[in-house]
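Notes for the one structure printed next.
The values are calculated or read from the model by the stated rules, or taken from the named source; none is laboratory data. All of these numbers come straight from a predicted model, not from anything done at the bench. Cβ placement follows ideal geometry from the backbone for every residue including glycine, while neighbour counts extend to all protein chains displayed.
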Amino acid sequence: MNAAKTEATGFPVSLEFFPPKTEEGAAKLRTVRQQLYALHPEFCSVTYGAGGSTQEGTFTTVKEILSEGVSAASHFSCIGATRQSVREQLAVLKGMGVRRLVALRGDLPSGYGAGGEFQYASDLVAFIREETGRDFHIEVAAYPEVHPQARSPEADLKAYVAKVRAGADAAITQYFYNSDAYFRFVEDTYKLDADIPVVPGIMPISSSTQLMRFSDACGAEIPRWIRLRLQAFGDDTASIKAFGLDVVTDLCDQLRSAGVPALHFYTMNQSAATLEICRRLEL
């Protein structure tokens, strides 16, 4: 069954998936996508492994989403890439009908480390604009709680502004559970005339250990009160999921009420939590 080509109604949402590594995973993801298409997402993005390790999987999943009648955005990493390799990949994506990209440096933040012909994510954004004009709508990453490898909050903000000035259309944030960090980040960027839409990234809470592991790796802060409650639940997965739904729904409601442009859900290739949050929000 293909998704109906219906315009999204009400508050805009988008969804993120990662490319499955097995045929079984691919089959499961097809089912998950059909369930989530009931939300009429503005687009679905597909992550991209460092060093091109999952490029084929990314492009395959993107192609499937497009064939299902839904707009797809490919994550596009430049770490270790050359201008020629990026040029060739852009041509492939354009030929597939892709019109959105999430432009990233890769597994290092903008401006840290070396490798390939692109030092900064802003270099990649500028190159895409030079090569393709306005053929692609470009999203970039934003870190309201500061990238864990950033030299300082100021350096991180400077790297973000450089991406905006290079031609980014919008930003998607790392997930967070402290809305104050998001609002402060947006305020700071607007003061620097980097006034593109900043869409909050939303991570549903379904597993305590998984959330702790991801958050430690990416620098997302889990507020103490949430961390302690999750720890107190121990192996009680039903209570963890119920608590997580309450916390994330309240966060989304607060963000929507404050006028954020959209919500971007990190689905983890699962549908239940995202669907329930959106049902509660009447999205």
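Just a few scattered comments:
- Test: Ser77 is over 18 Å from the mean Cα position of the chain (by Cα) and within 29 Å of Asp123 (Cα to Cα): no
- Tabulated pairs, the range 234-251, first free of Cβ contacts under 8 Å to residues at least 60 places away in the same chain, second of a type in the set (Asp, Glu) and surrounded by 13 or more Cβ atoms within 10 Å (Cβ to Cβ), C-beta under 7 angstrom, 6+ apart or interchain: Leu245/Glu276
- Scoring Ala242 on the criteria (1) surrounded by 15 or more Cβ atoms within 10 Å (Cβ to Cβ); (2) part of a helix (DSSP H, G or I) leaves a single failure, condition (1).
- Restricting the search to helices (runs of 4 or more DSSP H) fully inside the range 46-163 and requiring at least 3 residues that are within 22 Å of Gly25 (Cβ to Cβ) and modelled with pLDDT under 95 gives 55-67.
- Subset of the range 254-266 [outside any loop (DSSP other than H, G, I, E, B) and more than 19 Å from the chain's Cα centre (by Cα)]: Gln254, Ser257
- Cys218 vs. criteria within 21 Å of Tyr182 (Cβ to Cβ) and touching a residue at least 60 places away in the same chain (Cβ under 8 Å): yes
- Looking across the range 182-210, the residues that are assigned to a loop (DSSP other than H, G, I, E, B), buried (at least 19 other Cβ atoms within 10 Å of the Cβ) and of a type outside the set (Val, Ile, Thr) come down to Ala194, Pro200, Met203, Pro204.
- Residue selected from the range 213-235 under the condition part of a loop (DSSP other than H, G, I, E, B) and either surrounded by 13 or more Cβ atoms within 10 Å (Cβ to Cβ) or among the small types (Gly, Ala, Ser) (or both), by the criterion modelled with the lowest pLDDT: Gly219
- All positions within the range 14-45 that are of a type outside the set (S, T, N, Q) and in a loop (DSSP other than H, G, I, E, B): Phe18, Pro19, Pro20, Lys21, His40, Pro41, Glu42, Phe43
- Of all residues in the range 132-181, those that are among the acidic types (Asp, Glu), in contact (Cβ under 8 Å) with a residue 60 or more places away in the chain and either surrounded by fewer than 20 Cβ atoms within 10 Å (Cβ to Cβ) or farther than 21 Å from Leu15 by Cβ (or both) total 1.
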